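Okay, structure first, notes after.
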Amino acid sequence: MNAPGRASAVYWTLAALVISSSPHLAAMPPWLVAVFLTLVAWRWLAARQSWAPPPTALRVFISLALIVLVLVASGGHWSRRAATTLLCMMMAAKLMEMFRPRDLRLVAALCFFMMTAQFLFNERLVYLFYLAAGAWTATMALLSIQRLDSMALPRPGLGRREQLAAQGRQAASMILLALPVAALLFVLFPRLAQPLWGLPQQSMDGRTGLTDELTAGSIANLFLDDRPAFRVEFPDGQPPPPETRYWRGPVLTELDGSTWKRSRLADTSSPLPEAQGGNEFLHRVQLEPHERRWLFALDHPRAGPDDSRLTTTRELLARNPITALTQYDARSINAPFGPRDLPSSARAYYLSLPDERNPRTRRFASDLRQQFPDDDAGLIAHVLEWFREEPFRYSLATAPLGRHNADEFLFDLRDGYCEYYASAFAILMRAADIPSRVVLGYMGGDWQEAAQYLLVRQSDAHAWTEVWLDGSGWVRVDPTAAVSPERIDYGAWGAIGEPRHVLDREWLRDLRNRLDRAQHTWNRWILGFDAERQQRMLERLGLPQGTHTTLAILMVIALGLVTVVLAVLLWRRDRQRPRSAAEKAWRQLLGRLRRRGMIKHPAETPGEFARRVLPQLRAQGRDFVELAEWYSQVHYGPRQIGRERQFIEAAGNFRPG
């Protein structure tokens with residue numbers, strides 16, 4: 001094949017490599033991305049300038065250097081991300097010896113694997129477009145490489161743009177033909193309870209989100225993050241009132257200086273405290289992966305999925321870290337919970353404070369206790385009223401706090417986000433001899449009326465406090481609500497009341513919500529198609545309940561039927577559809593002859609057929625013989641557009657009589 005054909009195959013292969021690697025490149029350090037793109041640019045120039053491959057010693061040295069760079073970028077820790085990074089760099093190194101069709105085909109084929117590997121990290125709907133673009137480009141590369149092997153020549157008379165369009169249509173048709181097979185495999189392939197490979201606990205590229213610790217500013221950093229945390233559907237189609245939309249996550253009970261931490265004893269088994277009164281809420285949660293075991297539910301959760309459990313602090317925990325989209329049903333009750341009396345050891349635990357810290361807060365708590373000696377509820381109400389009357393402000397413009405963090409916030413700064421208020425209030429309660437702890441989770445959510453679900457984003461992250469009241473148990477107290485009721489009614493964005501960044505506009509938020517409805521549908525019907533839903537689908541189709549073997553047999557039978565149907569359709573298309581305007585005119589002419597009883601045999605050439613029917617056509621016989629020879633020259637010889645048009649006109653005017 002000529003040099004332009006070889007260069008075209010290289011260009012399409014490089015394009016497929018860049019597209020398939022793009023999500024992986026986005027997770028790499030910029031300097032490593034620069035190395036990758038440098039190797040791609042060199043191979044593009046080599047194809048353009050017809051350079052020879054570099055020496056073997058140089059290729060080996062660069063490959064070893066790339067391995068070292070990957071180890072440096074991963075910090076010496078091996079993970080799935082480090083593995084995909086190494087694969088990208090090794091494919092870039094392969095470009096230095098990609099000078100034969102076999103090497104080109106290897107790189108183009110591995111591009112499909114690269115695209116599949118991305119779905120180990122993210123399965124969002126937007127990546128479906130990435131998959132379509134990458135698959136089409138890789139198929140275009142394979143078609144270009146196939147022309148190198150087969151020594152196929154482009155059809156004369158077709159311009160470069162026409163040839164490219166024809167190749168693009170061929171690549172698209174090949175992908176469309178594969179869709180029925182892919183859909184069948186998706187529906188009938190036996191679903192496994194666990195993936196074929198082990199999922200490491202840290203695998204989601206360090207996504208931000210709630211952690212099991214709380215320091216000043218940790219939740220405020222999530223305010224700019226509009227990624228979905230989870231979506232919730234309700235059986236009656238309506239969400240609970242805004243003031244009850246507290247989504248419970250980790251409970252922090254230990255204060256280490258200025259950092260609240262989750263107790264190491266929180267997962268221990270013990271009798272679960274009962275909720276007292278309240279209304280029960282049923283809801284289905286579609287939780288995005290966050291690499292931890294928390295299953296968020298309305299405060300306070302009462303029951304979750306079968307493989308989860310509730311801790312004594314009412315944390316709903318999964319058996320394994322959530323590393324994939326997870327759907328589950330939960331029941332919650334909006335009421336205090338706990339035993340009637342708090343044991344003395346537990347009371348001492350929930351009253352513990354670091355020594356020699358926050359002296360002003362301790363004195364303030366002592367004064368409050370003298371004012372309310374036996375009235376914990378009255379003391380709490382007084383503090384909340386104090387928050388309302390004093391110049392406290394809910395704001396993102398937070399400042400770092402020092403050693404006496406509660407003193408600095410309550411009496412000096414008085415300006416902060418929810419974690420400032422929750423932490424300071426919990427410290428104040430403990431200083432006033434009221435057991436308390438901090439709860440992390442989310443508050444609020446955007447109700448999607450068109451799709452009937454509640455969208456909770458990372459920017460809805462919230463912190464509040466629980467206090468122990470004798471006779472009532474653990475009661476939720478949200479000091480942020482006393483300072484900024486708008487935070488409860490309108491969410492974090494409504495409480496701030498100003499754009500967070502230049503793209504934070506009402507119409508853009510509405511657009512994101514509309515796009516999320518499509519993502520919700522994708523999650524529900526595609527990503528949420530598990531073994532249980534697969535079995536329900538088979539039952540609705542009247543198929544018996546069976547094992548994986550039964551599903552495998554059904555899949556093989558269905559694949560065989562689909563393959564036969566596709567083969568017949570392709571055979572009929574290739575047999576019946578004219579490949580050119582000249583062939584179409586020739587077929588129309590044969591049709592007119594067929595109506596006169598002159599039928600062409602499949603094995604006959606145009607000339608043989610013309611000579612056989614020569615006696616029947618009489619005076620028109622010689623004209624038809626010339627038309628048959630003319631068609632053979634136009635159809636099988638080099639293309640001449642002017643002569644082809646003349647043949648089409650002559651064939652259209654021929655009328656056997």
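Just a few scattered comments:
- Being of a type in the set (A, V, I, L, M, F, W, C) and surrounded by fewer than 20 Cβ atoms within 10 Å (Cβ to Cβ) is a property that holds for residue 282.
- Among the residues making up the stretch 621-657, those that are closer than 24 Å to residue 596 by Cβ and in contact with a Gly (Cβ under 7 Å, 6 or more places away or on another chain) are 628, 629, 632.
- Condition met for residue 495 (at pLDDT below 85, in the same structural domain as residue 344 (by TED's automatic domain parsing) and more than 29 Å from the chain's Cα centre (by Cα)): yes
- Of all residues in the stretch 368-424, those satisfying the criterion of being part of a helix (DSSP H, G or I), without any contact (Cβ under 8 Å) to a residue 40 or more places away in the chain and among the acidic types (Asp, Glu) are 389, 408, 412.
- Filter pass, residue 570 being at pLDDT 75 or above and under 24 Å from the mean Cα position of the chain (by Cα): no
- Among the residues of the stretch 74-92, the ones that are among the aliphatic types (A, V, I, L, M) and surrounded by fewer than 20 Cβ atoms within 10 Å (Cβ to Cβ) come to 5 in all.
- Spans of helices (runs of 4 or more DSSP H) in the stretch 1-91 with at least 3 residues in the same structural domain as residue 130 (by TED's automatic domain parsing), in contact (Cβ under 8 Å) with a residue 60 or more places away in the chain and not hydroxyl-bearing (Ser, Thr, Tyr): 3-26
- Residue match in the stretch 605-624 (condition: closer than 30 Å to residue 173 by Cβ and either basic (Lys, Arg) or loosely packed, with under 15 Cβ neighbours inside 10 Å (or both)): yes
- Flag if residue 313 is at pLDDT below 90, within 24 Å of residue 335 (Cβ to Cβ) and either hydroxyl-bearing (Ser, Thr, Tyr) or part of a strand (DSSP E or B) (or both): yes
- Considering residues of the stretch 358-397 that are surrounded by fewer than 18 Cβ atoms within 10 Å (Cβ to Cβ) and of a type in the set (S, T, N, Q) only, the residue nearest to residue 417 (Cα to Cα): 395
- Residues of the stretch 531-561 that turn out to be at pLDDT 80 or above and among the β-branched types (Val, Ile, Thr), as a count: 3
- Taken over the stretch 634-647, residues that are at pLDDT 85 or above and within 17 Å of residue 610 (Cα to Cα) amount to 1.
- Some residue of the stretch 148-159 being modelled with pLDDT of 90 or more, part of a helix (DSSP H, G or I) and not hydroxyl-bearing (Ser, Thr, Tyr): no
- Unique residue being surrounded by fewer than 18 Cβ atoms within 10 Å (Cβ to Cβ) and under 30 Å from residue 403 (Cβ atoms) when the list is 355, 307, 329, 341: 355
- Positions within the stretch 44-85 being in contact with a helix residue (DSSP H, G or I) (Cβ under 8 Å, 6 or more places away or on another chain) and of a type in the set (Phe, Trp, Tyr), in sequence order: 44, 51
The values are calculated or read from the model by the stated rules, or taken from the named source; none is laboratory data. Because the structure is predicted, anything quoted here is derived from the model rather than measured. Methodologically, a virtual Cβ is constructed for each residue, glycine included, from the backbone with ideal geometry; neighbour enumeration extends over all protein chains shown.
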